[in-house]
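Asker: The structure's right below; bear with me while I get my questions together.
The values are calculated or read from the model by the stated rules, or taken from the named source; none is laboratory data. This is a predicted model, so every value here is computed, not measured. Methodologically, a virtual Cβ is constructed for each residue, glycine included, from the backbone with ideal geometry; neighbour enumeration extends over all protein chains shown.
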Amino acid sequence: MVRRIVLVMAVLAVAVLGAVAYVWFSGGSGEPSTEVTAPPITSPSTTAAPSTTAPTIIPESTTATTAGVEATEPAGEAEDSAVLYRIDKAESSVSFEIDEILNGNPFRVVGVTTEVAGEVLIDFDDPTASQLGTIVINVRTLATDSGFRDRAIRGPILGSSRDENEFATFEPLDIEGLPDLVTMGDQVPLQVTGTFSLSGVSRPVTFDTAVTVVSGERVEVTGTATVLRSDFGLNIPDVPSVSGVADEILLVIDLVAVATGV
C-alpha cells in the first residue's frame, strides 16, 4: 500500500513538473518581435493643430459616426479642419484584469503593456467625418506581478509567444454618443463598438470610453470593456495554487494621442 501511494505521488510530481516545464518553455522571453504599428487612417491635407486661444466647438452630430476604415485602403483626403493624432505609447497603456483564487484567497490579476499603436482623425468643423483607426496591441509584452504567470499567458493561454498571436487588434465600426457641443477640456462619454481579435478569434466588443481634447495637440482616451475568456477559447492551465478563475475579463485602455504636425 505504501509503495502504491509513493508511486502515485511520484506520478503526480512528474505531471506537475511537466506542466510547469511546459508553461516555462512555451512562454518565451516576452520580447516583441518588432515595433508595434497600426494601419494609417489617412494623409490629411493639414495636421496643424487648431488654435487653443478659444474653445473649440464641435457641431451637433448624428448619434453614431463611422469609425472604422479598411486596413489596406486609406481614407480620402481630410479637410483643413481635420487633425491627425497618433497614440504615444510612452504615455499610454492597455491592461486586463481577471479574478482568481490564489492559494485559497481571492486575487485580482492585472496585466499591462504600453506596446499599443493607433490613430485618431478629428474634424473640428464636422465631427461626423472623424475617424478612429485600428488599434494594435502587442499582447506578447503583457506583464503581471509574476514572471511565471507571464509565461503562462504567453504560452498555453494566449499563445502570444507564437508570431501569429503576438498582436491583438480592435477595429472600430461606429461611435455613439457624440454631443451637440464640445469645448476643449470637456470629458465626452462615448461608446465605441468594433471587432476585437485575439489569439485567432474575433468577437464584437463595445468600449465605454471618455474622450478629452486637452488641447489642439493632445487627446486623452480612457475606456473599459468586459469580454469572456470562453468566447476567445482561453483556457487556464492546471496549477495547484490557482483555482476559480473567472470567465469575465476587464479590458482597460488609457491612451494619449498627440497631433502628428507638432
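Asker: Looking at this structure, is PHE170 aromatic (Phe, Trp, Tyr) and farther than 30 Å from PRO240 by Cβ?
Answerer: Judged against the criteria, PHE170 is a match.
Asker: Continuing with the same structure: Can you go through ILE87, ILE98, ILE137 and tell me which one is among the β-branched types (Val, Ile, Thr), buried (at least 18 other Cβ atoms within 10 Å of the Cβ), in contact with a helix residue (DSSP H, G or I) (Cβ under 8 Å, 6 or more places away or on another chain) and closer than 23 Å to THR222 by Cβ?
Answerer: Answer to the selection: ILE98.
Asker: Could you tell me which numbered condition ILE153 fails, if it satisfies all but one of (1) surrounded by fewer than 22 Cβ atoms within 10 Å (Cβ to Cβ); (2) in a helix (DSSP H, G or I)?
Answerer: (1)
Asker: Then there's this: Across segment 176-205, what is the number of residues that are without any contact (Cβ under 8 Å) to a residue 24 or more places away in the chain and within 17 Å of GLY118 (Cα to Cα)?
Answerer: Adding up the residues that qualify gives 1.
Asker: Shifting gears a bit: Filtering segment 213-262 down to residues that are under 21 Å from the mean Cα position of the chain (by Cα), of a type in the set (Val, Ile, Thr) and more than 30 Å from ASN105 (Cβ to Cβ), which residue is modelled with the lowest pLDDT?
Answerer: VAL213
Asker: List the strands (runs of 3 or more DSSP E) inside segment 68-145, counting only whole elements, that have at least 3 residues being modelled with pLDDT of 85 or more, closer than 30 Å to ASP247 by Cα and of a type outside the set (A, V, I, L, M, F, W, C).
Answerer: 93-102, 105-113
Asker: Can we say ALA210 is aliphatic (A, V, I, L, M), at pLDDT below 95 and at negative phi? Let's see the steps before the verdict.
Answerer: Details: aliphatic (A, V, I, L, M): yes; at pLDDT below 95: yes; at negative phi: yes.
So ALA210 passes the test.
Asker: Hey, another quick one. Quick check on ARG140: is it free of Cβ contacts under 8 Å to residues at least 24 places away in the same chain and either farther than 18 Å from LEU102 by Cβ or within 14 Å of the chain's Cα centre (by Cα) (or both)?
Answerer: Judged against the criteria, ARG140 is not a match.
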